[in-house]
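This report concerns only the one structure given below.
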Amino acid sequence: MIIKEEEKDLLFKRAVEKLSSGGIVAMPTETVYGLAGSIRHPSAIEKIFKIKNRPLFDPLIVHVSNVQQAKDIVENWSLLAEQLVSVFWPGPLTLVLKKKKTVSDLITAGLDTVAIRMPSHPLALSLIEKFGFPVAAPSANKFKKTSPTTAAHVESEFSESDLIILDGGTCSIGLESTVIELKENEINVLRPGFILSSDLEEFCFNHSFSVAINRRSSLKSPGNLTEHYQPKKPLVVVPERTRAIINKASGVLKTGPLFQEIKLSDDPIWAARHLYSQMRKLSEQDIDFLLIIQHPHLRGGFWEAIWDRIHKAATLVL
Ligand code: TXA
Ligand code: MG
């Protein structure tokens, strides 16, 4: 059920009650919509894995509404963590830190670390604040599929008619958070996102931290699979130089629209915000595949995260 303007307060109350009774709620964040359940209710965490068809080896991100909630679930809250969150929270940065034993192994897939972030979307923040405890929340989509960036996307993903979906509009970022692992003298970027390695370097410089910032192999993050974010129709990524050949081939075949091109804006903020909704929308058409042209000038900065998602969503990259 999608929340209507006049029902907002009532549904928000029901959402808080749902979390308190061990249920799950879909909530908007600035990155993508999440499927939230109380970290204190094993049944809620089990339900999240179940309705997403998510394998138990893929750990969840814990979402907090204040820094104390994060400190309460980790072993060592370092000066680096403290200063990072004072700059980047609330926002699209997830920290992976050594967990306290009290954090359920189900949430962390048996790892001794826990991923934590404070989202900046006001609805997510007030939901967690009102509930009073952190919630575990993966993106609100089936395993390996495209993350939702509107409430309608979430609704189309799950058949559970009693799922409360808080409608917070279109996600402003549209790609999942940057995930970083904090070690004593290094930061390992496990998943690229809106917060860039260069932002972290600048942060370290400004705050006099001498910390190495590494892009680690995807194996370091159990959920960082090579197949992910997949739309309903196969996605083919081709270099710009093949565009003429593709146009010619589709002209010769003349069997109707073989494919639809997802046209990326030159502005990475805009491109990221609309990528997933374009994947979903164009997949509904009677076509064989989706096409994205890899323009050589669309690179660097936030484009790294955008291409990371596109390449994982792709069935074929030429
Ligand atoms: O933007 C986001 O992060 C969204 C919104 C809802 O907050 N959430 C999200 O969650 O993308 P999910 O579950 O789809 O992705 C979580 C990622 C996975 O790649 C997982 O492997 C990684 O975080 N992760 C979680 N806990 C980890 C840990 N302890 N160590 C390493 N990676 C971890
Ligand atoms: Mg996900």
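The values are calculated or read from the model by the stated rules, or taken from the named source; none is laboratory data. What you see is a predicted model, and the numbers here were worked out from it, not measured in a lab. Here the Cβ is made from the backbone with ideal geometry for all residues, glycine too, and neighbour counts use every protein chain on show.
Counting only residues that are charged (D, E, K, R) and within 12 Å of ligand 1 (Cβ to nearest atom), which one in the stretch 140-182 is surrounded by the most Cβ atoms within 10 Å (Cβ to Cβ)?
Filtering first and then ranking leaves GLU176.
Which residues, taken from the stretch 234-284, are farther than 16 Å from VAL317 by Cα and modelled with pLDDT under 80?
The answer is ALA244, ASN247, LYS248, ALA249, SER250, GLY251, VAL252, LEU253, LYS254, THR255, GLY256, PRO257.
At least 1 residues that are of a type outside the set (Phe, Trp, Tyr), more than 17 Å from VAL32 (Cα to Cα) and without any contact (Cβ under 8 Å) to a residue 60 or more places away in the chain in each: list the helices (runs of 4 or more DSSP H) lying fully within the stretch 235-318 that qualify.
Once the helices (runs of 4 or more DSSP H) in the stretch 235-318 are filtered for at least 1 residues that are of a type outside the set (Phe, Trp, Tyr), more than 17 Å from VAL32 (Cα to Cα) and without any contact (Cβ under 8 Å) to a residue 60 or more places away in the chain, what remains is 243-253, 268-283.
Name the one entry in GLY169, GLY132 that is without any contact (Cβ under 8 Å) to a residue 24 or more places away in the chain, out of contact with any His (no Cβ under 8 Å at 6 or more places or on another chain) and not acidic (Asp, Glu).
GLY132
Is there a residue in the stretch 137-154 that is among the polar types (S, T, N, Q) and over 16 Å from the mean Cα position of the chain (by Cα)?
Scanning the stretch 137-154 turns up no residue that is among the polar types (S, T, N, Q) and over 16 Å from the mean Cα position of the chain (by Cα).
Conditions (1) touching a residue at least 60 places away in the same chain (Cβ under 8 Å); (2) of a type in the set (D, E, K, R); (3) out of contact with any strand residue (DSSP E or B) (no Cβ under 9 Å at 6 or more places or on another chain); (4) crowded, with 22+ Cβ neighbours inside 10 Å, marked per residue:
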site: LEU19; (1), (2), (3), (4): yes, no, no, yes
site: VAL25; (1), (2), (3), (4): yes, no, no, yes
site: LEU56; (1), (2), (3), (4): no, no, yes, no
site: HIS63; (1), (2), (3), (4): yes, no, no, yes
site: GLN83; (1), (2), (3), (4): yes, no, yes, no
site: LYS98; (1), (2), (3), (4): no, yes, no, no
site: THR102; (1), (2), (3), (4): no, no, yes, no
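Go through the stretch 147-172 and report how many residues are within 16 Å of ligand 2 (Cβ to nearest atom), touching a Lys or Arg at 6+ places or on another chain (Cβ under 7 Å) and modelled with pLDDT of 95 or more.
1
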